[in-house]
1. If the Cβ limit is 6 Å and pairs must be 6+ apart or interchain, which residue in segment 277-290 that is in a loop (DSSP other than H, G, I, E, B) pairs with which residue that is open to solvent by 40 Å² or more (accessible area, probe 1.4 Å)?
2. If you check Val339, Val294, Val319, which single one turns out to be buried (at least 17 other Cβ atoms within 10 Å of the Cβ) and in contact with a Ser or Thr (Cβ under 7 Å, 6 or more places away or on another chain)?
3. From Ala18, Ala27, Ala22, grab the single residue that is within 25 Å of the chain's Cα centre (by Cα), within 30 Å of Leu211 (Cα to Cα) and surrounded by 20 or more Cβ atoms within 10 Å (Cβ to Cβ).
4. For segment 58-109, what are the residues that are open to solvent by less than 10 Å² (accessible area, probe 1.4 Å) and outside any helix (DSSP H, G or I)?
5. What's the total number of residues in segment 243-259 that are open to solvent by less than 40 Å² (accessible area, probe 1.4 Å) and at pLDDT below 90?
6. Which pairs turn up if I take residues in segment 24-35 that are farther than 15 Å from Pro300 by Cβ and look for partners that are open to solvent by less than 20 Å² (accessible area, probe 1.4 Å) and not in a helix (DSSP H, G or I) with beta carbon separation below 6 Å, at least 6 apart in sequence or on another chain?
7. Take the residues in segment 175-188 that are in contact with a strand residue (DSSP E or B) (Cβ under 7 Å, 6 or more places away or on another chain) and at pLDDT below 95; name whichever of them is surrounded by the most Cβ atoms within 10 Å (Cβ to Cβ).
8. Report, by residue number, each residue of segment 64-95 that is touching a strand residue (DSSP E or B) at 6+ places or on another chain (Cβ under 6 Å) and at pLDDT 90 or above.
Amino acid sequence: MDDATHGPLAGFTVGVTAARRADELIALLRRRGAAVVHAPALRIVPLADDGELLAATRELVENPPDAVVATTAIGFRGWIEAADGWGIGERLLERLRATELLARGPKVKGAVRAAGLVEAWSPRSESLAEVLDRLLAGSVAGRRIALQLHGEPLPGFVEALRDGGAEVVPVPVYRWMPPEDLAPLDRLLDAVAVGSVDAVTFTSAPAAASLLSRAGERGLREAVLEALRGPVLAACVGPVTALPLQGEAVATVQPERFRLGPLVQLLCQELPGRARVLPVAGHRLEIRGHAAVVDDRLRPVPPAGMALLAALARRPGWVVSRADLLGALPGSGRDEHAVETAMARLRAALGVPNLIQTVVKRGYRLSLDPGDGGGWSGAGTVR
């Protein structure tokens, strides 16, 4: 069985922090074989009854802007629907038809056209930086520019326009708030801290900031950051999303196109590329997050077995003592019999004999093929 059959992400566990469009992202990951831990780091709170949004809408209806920037499809639709509910929807649409309407990317453009409007311009990249460059390329001095916010203040964007002499009117259509149920996020944080997930995906900067904030509340911030700087891959949909993580010295990966499909394709390249591959007893052994691939055949392995396999792979070909292996087992206590039980299950899961050798009275080792450079740890009776 090859990756085309079992999926390039089979054997890996991926955390999903998205609230919006989470189902789409999860389906894409599972279709490629990943196990998914879904833990929304935020929830979207619409502001249809919010006085701040009503005040901003009335101001734009009474005093038309020179330009409007629509940043999200869901936000733009929510704005129009809220205005309809207040009885000023048609007046708002009239103002939008008469102004320069910039849509951040194809999805926002679709929402604009669904409202019966036509955008003046839209970048292919879905980048707000490109929208900002477009505005600043002409003079913004003295212009009134309405900015439909998408859950965060966007201070850099607003400040750049104001520095150029523009009057900026924020339109807060919805806000990001902590999730009502924190249990899934806490479970994901626990998994990240101990390295039992292989990657975490982020589709918004507020989600990344919220995850780190919750980790701090639980006293896990340093453990989570250490994991994200090491064994757990942080995958972000774009550079803006990555900013809270990069501010904590967490390296991130991002697709060239800032969309969910390219994000998943990037994981399909990155995670298998990080897996350990060893020639063992004449076989190709690839060690993934919660499974092994033996000669292109996926072999699911219990957590205790994966802990032993990872410990053996850290020193391939060398004997690892039962005491050291016991220390690698999660919650095993002091009974070395737990090592023998977990080892028997690991060997059964791998399905190929002689991949792991028992060195009598000393421990176990991977049967690394000669010439691989792993080295051997001295004499001992092998069986």
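1. Short answer, once both residue conditions are applied: Ala281/Asn354.
2. Only one candidate qualifies: Val319.
3. Only one candidate passes the filter, namely Ala18.
4. Across segment 58-109, the qualifying residues are Ala67, Val68, Val69, Ala70, Thr71, Thr72, Leu101, Leu102, Ala103, Gly105.
5. Of the residues in segment 243-259, 0 are open to solvent by less than 40 Å² (accessible area, probe 1.4 Å) and at pLDDT below 90.
6. Leu25/Val16; Leu25/Ala18; Ile26/Val16; Leu29/Val14; Arg32/Gly7; Arg32/Leu9
7. Trp176
8. Within segment 64-95, Pro65, Asp66, Ala67, Val68, Val69, Ala70, Thr71, Phe76, Trp79 qualify.
The values are calculated or read from the model by the stated rules, or taken from the named source; none is laboratory data. The model shown is predicted, which means the values in this text are computed figures rather than measured ones. Note: ideal-geometry Cβ built from the backbone for every residue, glycine included; neighbour counts use all protein chains shown. These accessible areas exclude ligands, DNA and RNA; they are computed on the full protein's heavy atoms, side chains included. Shrake-Rupley method; radii C 1.70, N 1.55, O 1.52, S 1.80 Å.
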